[in-house]
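To keep things clear, I will list the structure first and then write my remarks on it.
The values are calculated or read from the model by the stated rules, or taken from the named source; none is laboratory data. If you're wondering where the values come from, they're calculated on a predicted model, not measured in any experiment. Positions of Cβ are generated from backbone atoms using ideal geometry, with glycine treated the same way; all protein chains shown enter the neighbour counts. Keep in mind that these areas ignore ligands, DNA and RNA; they rest on the heavy atoms of the full protein, side chains included. Shrake-Rupley method; radii C 1.70, N 1.55, O 1.52, S 1.80 Å.
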Amino acid sequence: MAPGGSACKEVESYPAVADYAIATTKPKSNSMTTKSSFGFVGKHGIQSNNGVYELLECPVCKNLMYPPIHQCPNGHTLCLNCKNKVHNCCPSCRYDLGNIRCLALERFAESLELPCKYHSLGCHEILPYYSKLKHEQHCRFHPYNCPYAGSDCSITGDIPTLIAHLKDDHKVDMHDGCTFNHRYVKLNPHEVENATWMLTVFKCFGKQFCLHFEAFQIGMAPVYMAFLRFMGDDSEAKKFSYCLEVGANCRKLTWQGIPRSIRDSHRKVRDSQDGLVIQRNLALYFSGGDRQELKLRVSGRIWKEA
């Protein structure tokens, strides 16, 4: 038993014009010179055969560790998040962790320079260890999440990969052109409080755009909302504008804006109301008839700013 250590109970380890019906809801090896002269081509950008990866990897979540790095009296290390998860009990030897910092490992990590984890996808940045995580969160080579809003899809990838995925797995309609005119229909719209219509993807100016339309509530008020997302980064999205229009009975509601990048989640865009928002009563008025059926025609246009 380590000096001052006490055994604790065993705990669990944590492993790292169209009609739309409603849809409920290994790379080249390069030798790179760093402060500590390591080559990096493996997981997290560190070769596993030099032992650096094993030193810096948290044994619980399997992610790289950042200060504060904690250790038990026997020298086993883990990250702060996992220290809280294992209730201050070392997952390797079961002794109390206490509040011992592994300062030697923290200083060793500070001496490292590593490539971005997305090196194999095209990023060639070499970064100080403690700058690496922040860079990767905003790296333009970071894979995109699937933009499909009708399910909790975990697929990620570059744009061509996601286009093929949307078409083959989600059966999303693909259209060419910068103008559109879609009709959305639903019987008994009063029964629908939260739902999303089938996503449509448009290709124009050599880029892809996602048109979303759905029903949800703002407070207690039921609304419908249409908005456009750009399949790419925000810096590229800002080069485009779009407008949406809906109306009937000599009345018209319009919206004009800049498409949001799919880096912003579908829910984030929806909750910010950054799009064409239509109150239900108005939507039913536009639908005509006895207000028992939703029939909305949404038209729009995408253009590139000069």
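Here are the numbers:
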{"quantity": "Region 158-266 - accessible surface per residue (Å², probe 1.4 Å)", "calculated": "46 Å²"}
{"quantity": "Difference of contour (0.36 nm per residue) and Cα-Cα distance, Gln256 to Ile126", "calculated": "42.7 nm"}
{"quantity": "Alpha-carbon centroids, region 90-158 and region 222-275: separation in whole Å", "calculated": "32 Å"}
{"quantity": "Separation of the Ser92 and Ser272 label points, Cα + 7 Å toward Cβ, nm", "calculated": "4.3 nm"}
{"quantity": "Protein accessible area in region 148-304, 1.4 Å probe - carbon and sulfur %", "calculated": "48 percent"}
{"quantity": "Computed lengthening from Asp173 to Ala248, 0.36 nm per intervening residue step minus Cα-Cα distance", "calculated": "24.4 nm"}
{"quantity": "Over 30 Å (Cα to Cα) - which of Lys132/Lys167; Lys186/Lys304; Lys132/Lys304; Lys85/Lys238; Lys132/Lys171; Lys171/Lys239 fall in this group", "calculated": "Lys132/Lys167; Lys186/Lys304; Lys132/Lys304; Lys85/Lys238; Lys132/Lys171"}
{"quantity": "Rh (Kirkwood; distinct C-alpha pairs) - region 148-304, Å", "calculated": "16.1 Å"}
{"quantity": "Segment Ala306-Arg140, extension gain: residue separation times 0.36 nm, minus the distance between their alpha carbons", "calculated": "57.4 nm"}
